[in-house]
Amino acid sequence: MEQYQYDSLPSSDHIRVATIHPGRFSDDIVIDLNHVTLQSPVKYEALSYKWERTENLRPIYVGADKASVISVRQNLTTALAHLRYPDKPRVMWVDVLCIDQSNDIEKGPQVALMGKIYRHSTGVIAWLGPEKDDSTRALNTMSWIGVQIEADYSRWLVDPSENCIHPSFLDMDADIPLRPEETRAIFHLLSRQWFERLWIRQEILASEQKGVIQCGYYQVAWPLFRRALLCLYMKRRPWSAYEAQLYDRLISLRGLIGQPPTVELGFIRVVFGQSGCADPRDRVYAVLEFLPEADRAIVGVPDYTRNAAAIFRDIFRRWVMHFGSLNLLSQSEPCADDYLSSLSEPTWIPDWSKKEVIFGRNYWRGFASSQFAAAASFSSDGRVLKTPGIKAIEIRHLQAIPVMRDRHVTEVENALVHLLSRTNGLEGTYITGVSMLEAYTRTFLANALAENAEPWRGEDPTLQEAMDIISQLNNANNDSQPHHSRALGPSDAFFKIARAMVGGRQLMFDSDGYIGIVPRLAREGDIICILLGCHSPMVLRPADAVNNNGSGSGMFHLVGECYVLGLSEGECLLGPLPANTERKFGSNADWGVYSYFENVLTGRKSFDDPRLSSSLPPADLAEFRDRLRVNPNARLRLGPDILGEMLPQMRSFELV
């Protein structure tokens, strides 16, 4: 049978829609393809489904005469057999049918339109597959839970709805009333491959109120289903044989559950990292719909004629030049033990193709280079990133921290007790002047404490609460642990944060007394540097040490970001903050999350780092303050002469 030959689309505003001919379940799938614009009155539904990698192809016939076919995976023909009407046509947009998959030039502009395609549809059908593993029971249960609650995804909160009929939803610490067979059915449902796919994020969320989840012939409204996901994640569930597996599954779906409407490039590995896609380029192209306007312009129109490394490198370069920031370096942490010795691409390129979760800190927390803008440049071939910075310390000793896979309180307790047993104790004073107890507490949480005044969260522990827990763990008998460990729940904020910050990494010590959390690939002898315009200290390794050639080239490989108490708040560049001054966080719709400084005695607040006033020329300081009033996240851009006078300790680093 002849393969269907696509006609070129008349313009970049045109798309194709597929009219599915009516038929019985066992009949051949027959479609017509038509060109329309998104402004046309044609109504269509959009399909969201998981692509199969199998070579088990099936024909979809084009035209009533069945003169040509499009060969597709069997799961799509199964979906369309369920979805077509027996007595009338059904108009749908299906990516593999409506985009010429053999035409990389057409594919880019069509992918750029996909957010609009799903938004303009009359409804989105998320096809999970045929009915099996008690999926109808699972969907019914999810629908029932969704009716009981209201959800605030931005704050990760659930409250009882007006239609709530079960008392367990009135108490956050009460178990959700799930029977073992319901827990099992929900686990199997959430284990379907649709939930793994990166593209489903924009497909189902672009038209959220019109979406449905469907297995076989049974469907549930997506808004109810998503509310149930949040409730299952946030509330305790009764113990059953599948409870631990269900919790692991919910953790892996955290990004989907709490998907914000806008996601900056610096967050995409955190928000989307556990989702999969076959093409590494889609790590950025599949999330275009969620990027802020400036980030979307930096990514540009999808271009499937270029490889992923070149695309990621150009995005990074344009982002640095546009924002005057090196914060995207936090996305560049290698993930494999042999990565640094087998590089074909520079280590500073953010490898968005990797699914592994990187450092669990929020992107905006760090302040290692204060408010200075990056002063970076790139070599003519685009492979060398040159930036000013300061070598702060050298790693002298490391203590490995296990990956915490069980997500239970005892697992985190055991890891912290073991770490504390490898230290010199909590007595004495840290190099910054705080107690060692406070130093280890802040380090294990990467300073994620309630005192930071994050306006949209109420779950972070206070410093005193966290220090009390560390004291108890330090005094604990590591041999007497509870026989059963409860799963991490909504009241276990300290343990959840500590797990995210330290799990799978290393506790670092230097010869001067600094401690910190560094990547698992860090080695003794690596250096920790402050790079101008980068929010976190960075672990670097001399390139000649990687290549074992002893050449002393002066070039470095990036190992990853870290947290070091006494280096992560700009101290290396400007010294400590003035007495009684604290950096805190605010947030609003226009600026997002931003830092401000508060004198805790007088209550005076300012956007500019108070340490800048002692060395920055008055005219430059006044101009910078004016810009901060417009945007508190503005960066201080200075010429090399002024930078050299303010920061004489800087040197140049070349990252390869």
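The values are calculated or read from the model by the stated rules, or taken from the named source; none is laboratory data. Note that this is a predicted model, so its numbers are computed, not measured. Quick reminder, even Gly has a Cβ in these numbers, built from the backbone with ideal geometry, and neighbours come from all protein chains shown.
Overview of values
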quantity: Some residue of segment 89-104 being polar (S, T, N, Q) and under 19 Å from Val124 (Cβ atoms); calculated: no
quantity: Among the residues listed as Asp626, Asp590, the single one being loosely packed, with under 13 Cβ neighbours inside 10 Å and assigned to a helix (DSSP H, G or I); calculated: Asp626
quantity: Residue in segment 179-194 that is at pLDDT 95 or above, of a type in the set (S, T, N, Q) and over 26 Å from Leu113 (Cβ atoms) present; calculated: yes
quantity: Condition met for Gln148 (assigned by the TED database to the domain that holds Leu229, over 28 Å from Arg24 (Cβ atoms), buried (at least 17 other Cβ atoms within 10 Å of the Cβ) and in contact (Cβ under 8 Å) with a residue 24 or more places away in the chain); calculated: yes
quantity: Any hit, segment 173-190, residues being within 14 Å of Ile257 (Cα to Cα) and within 26 Å of the chain's Cα centre (by Cα); calculated: yes
quantity: Of residues in segment 629-656 being β-branched (Val, Ile, Thr) and in contact (Cβ under 8 Å) with a residue 24 or more places away in the chain, the one surrounded by the most Cβ atoms within 10 Å (Cβ to Cβ); calculated: Val656
quantity: Lone qualifier among Glu264, Glu243 - being of a type in the set (D, E, K, R) and not assigned by the TED database to the domain that holds Val158; calculated: Glu264
quantity: From Gln202, Gln245, Gln219, residue being under 18 Å from His82 (Cβ atoms), at pLDDT 90 or above and among the polar types (S, T, N, Q); calculated: Gln219
quantity: Only one of Ile213, Ile251 that is over 12 Å from the mean Cα position of the chain (by Cα), under 27 Å from Pro130 (Cα atoms) and buried (at least 21 other Cβ atoms within 10 Å of the Cβ); calculated: Ile213
quantity: Residue within segment 50-59 that is under 22 Å from Ser207 (Cβ atoms) and within 37 Å of the chain's Cα centre (by Cα) present; calculated: yes
quantity: Conditions (1) at pLDDT 95 or above; (2) β-branched (Val, Ile, Thr); (3) in contact with a strand residue (DSSP E or B) (Cβ under 9 Å, 6 or more places away or on another chain); (4) not in a strand (DSSP E or B): number failed by Val91; calculated: (4)
quantity: Members of segment 606-620 found to be modelled with pLDDT under 95 and surrounded by fewer than 16 Cβ atoms within 10 Å (Cβ to Cβ), listed by number; calculated: Ser613, Ser614, Ser615, Pro617, Pro618, Ala619
quantity: Number of the condition not met by Tyr233 [criteria: (1) surrounded by fewer than 18 Cβ atoms within 10 Å (Cβ to Cβ); (2) within 21 Å of Ala493 (Cα to Cα)]; calculated: (1)
quantity: Listing of helices (runs of 4 or more DSSP H) fully contained in segment 136-245 that carry 1 or more residues being touching a Gly at 6+ places or on another chain (Cβ under 6 Å); calculated: 200-205, 222-234
quantity: Scope segment 256-307; condition charged (D, E, K, R) and in a helix (DSSP H, G or I); matching residues; calculated: Arg269, Asp282, Arg283, Glu289, Glu293, Asp295, Arg296
quantity: Residue tally, condition farther than 20 Å from Asp492 by Cα and not aliphatic (A, V, I, L, M), over segment 416-455; calculated: 12
quantity: Test: residue in segment 522-540 that is under 21 Å from the mean Cα position of the chain (by Cα) and hydroxyl-bearing (Ser, Thr, Tyr); calculated: yes
quantity: Residue count, segment 34-49 (criterion: part of a loop (DSSP other than H, G, I, E, B) and either out of contact with any Phe, Trp or Tyr (no Cβ under 9 Å at 6 or more places or on another chain) or at pLDDT below 95 (or both)); calculated: 6
quantity: Some residue of segment 594-605 being among the acidic types (Asp, Glu) and either in a strand (DSSP E or B) or farther than 16 Å from Ser370 by Cβ (or both); calculated: yes
quantity: Condition met for Leu190 (closer than 21 Å to Gln219 by Cα, in contact (Cβ under 8 Å) with a residue 40 or more places away in the chain and not assigned by the TED database to the domain that holds Thr19); calculated: yes
quantity: Subset of segment 234-289 (residues that are among the acidic types (Asp, Glu) and within 24 Å of Glu208 (Cα to Cα)); calculated: Glu264, Asp282, Glu289
quantity: Count of segment 333-389 residues which are at pLDDT below 75 and surrounded by fewer than 24 Cβ atoms within 10 Å (Cβ to Cβ); calculated: 18
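Rundown of residues vs (1) outside any loop (DSSP other than H, G, I, E, B); (2) in contact with a Ser or Thr (Cβ under 7 Å, 6 or more places away or on another chain), yes/no style:
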{"residue": "Ser12", "(1), (2)": "no, no"}
{"residue": "Ala18", "(1), (2)": "yes, no"}
{"residue": "Asp27", "(1), (2)": "no, no"}
{"residue": "Asp32", "(1), (2)": "yes, yes"}
{"residue": "Trp51", "(1), (2)": "no, no"}
